[in-house]
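A.B. asks: First the structure, then my questions, so here it is.
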Amino acid sequence: MPTNSPARKGRGRPAHKPTPTSRLRVSAAAGGGMRHVDIAIALGISRETLEKHYEVELSIGSNQRRMEALYGLYQAAKRGNAAAVKAYLALTPEVSVPPVGVGETRPQATVPVAATPATPAGKPATVLGKKEQAQADAVTAGRGTGWDDLLTPKAPLQ
């Protein structure tokens, strides 16, 4: 059989060709939190092929679909949909620091300083970390409340 026959097909499966519909489906699935391997299985391709042909849809496109869904939820909440209001307010926002432009400097944050009774007047107080500050606050949590006498250790009887 001649090797240059026009009727003969190449070996293996044909190369995957993304379509506008498949691109939208991939970005919607990724935006909904579907794992890459599960999206690939649903399309009938390998994960490597998915990441090769749908790189933009898996990153930027998924974020765009999530933003569209959140905006739709926000609009429904503004129209008075109580379930949408509850769902929108239940979301926990992730706050991030905006990037600093060229030539700009970021303002310095102030660090809270723990006021401890052991700090003598006139000497600078030490800066405590989050865990140390929480521990210091826990020691004095009951002071000034009805629990004060129960939480304050008493001197042992002699």
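The values are calculated or read from the model by the stated rules, or taken from the named source; none is laboratory data. Being a predicted model, the structure only gives us computed values, none of them experimental. Cβ: placed from backbone, ideal geometry, glycine included. Neighbour counts: every protein chain shown.
A.B. asks: Tell me yes or no: at least one residue of the range 90-103 is touching a residue at least 12 places away in the same chain (Cβ under 8 Å) and of a type in the set (A, V, I, L, M, F, W, C).
C.D. replies: Looking through the range 90-103, at least one residue is touching a residue at least 12 places away in the same chain (Cβ under 8 Å) and of a type in the set (A, V, I, L, M, F, W, C).
Residue-by-condition table, conditions (1) in a helix (DSSP H, G or I); (2) at pLDDT below 90; (3) closer than 30 Å to Pro18 by Cβ; (4) among the hydrophobic types (A, V, I, L, M, F, W, C):
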site	(1), (2), (3), (4)
Glu48	yes, no, yes, no
Val97	no, yes, no, yes
Val113	no, yes, no, yes
Thr116	no, yes, no, no
Lys123	no, yes, no, no
Gln135	yes, yes, no, no
Leu157	no, yes, no, yes
